[in-house]
Amino acid sequence: MSNSIFLSHSSADEDLVEEFVYLLNAGMKIKSDNIYCTSIRGNIPTGYSFIRHIKENINNATLTILLITESYVESYFCIAEMGAAWALSHDIYPIIFEPLNYEVLNRTPLKDIHAKKIRKQEDIEHMYEELLDRGYAKKSSKIEFIKKADDFIKFLRDENVYNNKILLNFSCYPSEKEIVQEIVKVEAVECHRFNVSFADSSESWCSSVIKFNPLKNWKGLIQDERKLKIVIRGSAGIDKIAIEIKDGNLRHIEDESKNTITLSQDFEEKIISLSSLNCNNKSWSEVAELCFVIHKNRINNDRGYFDIKSIDFV
């Protein structure tokens, strides 16, 4: 039996695909038998050619849903599936997930096709109505649908936090003065140490930057009133560290004077509010860098270090 819906996705987005298929099954009453998805167990028979099976099912499908993520656009196989659906004149339903924007389709054959972004329950309701009108979905209990839609939105918000978690394998981009980064063991916990020297410098500060490429989208985090948590400590040579957050044009999103933290010689959790000074939500959709501005101690100002154990959102 052929599947009427071909779900084109990246294998790296397995969790997203699982939640999306569950939304289609339980919220929109679309049976798994009518969905071809390589992440669904049993869709590819044992001993069958993986590529041949995908080709047969994309040929047999009438609707192709594209789950377009950062992993999707980096996959040659996914782009090939997109091109095949376009060439076969399928009914195409592109869904773009943050932090990507609509412009991601500009260099594809779908550049003039309207795509959907799912940010809130109303977006899922609209998708449901469209799939109903096209004959793919069936009427579902409103209570059941709303619950499944809410679950999916919650998943996306949690996933957005996970994707935007700031890992400690970032590169260091100092200005004014070189900052040497090394990995050290502290109390059996790995952390990053930044060695700072102000010797032979008239400057009272230097900086280190975490650059996000592609730009990160923190808009959902701001709307949910999330805060940035940094577990940090420092030596006596450093007085304080100010946190600057900049957009794609390197304009300040946050005023560093309200995001300044003092350091102690023991690890402490520093909680930084991200939205207290800013009401321009558009800026938070293109966070380009997180900058640490290190200020030297006026008394002991030759050199110092600071250790970062973790940076994430709460």
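The values are calculated or read from the model by the stated rules, or taken from the named source; none is laboratory data. Keep in mind it's a predicted model, so treat the numbers as computed, not measured. Methodologically, a virtual Cβ is constructed for each residue, glycine included, from the backbone with ideal geometry; neighbour enumeration extends over all protein chains shown.
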On the basis of being in a helix (DSSP H, G or I) and crowded, with 16+ Cβ neighbours inside 10 Å, does Lys148 make the cut? yes
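Here is a yes/no grid of residues against (1) at pLDDT below 85; (2) farther than 25 Å from Ser141 by Cα:
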residue	(1), (2)
Ile5	no, no
Asp13	no, yes
Leu23	no, no
Leu63	no, no
Phe77	no, yes
Gly83	no, yes
Glu98	yes, yes
Lys117	no, no
Taking only region 99-114 into account, find how many residues are assigned to a loop (DSSP other than H, G, I, E, B) and surrounded by fewer than 18 Cβ atoms within 10 Å (Cβ to Cβ). 9
Positions within region 22-32 being surrounded by fewer than 19 Cβ atoms within 10 Å (Cβ to Cβ) and part of a helix (DSSP H, G or I), in sequence order: Tyr22, Asn25, Ala26, Ser32
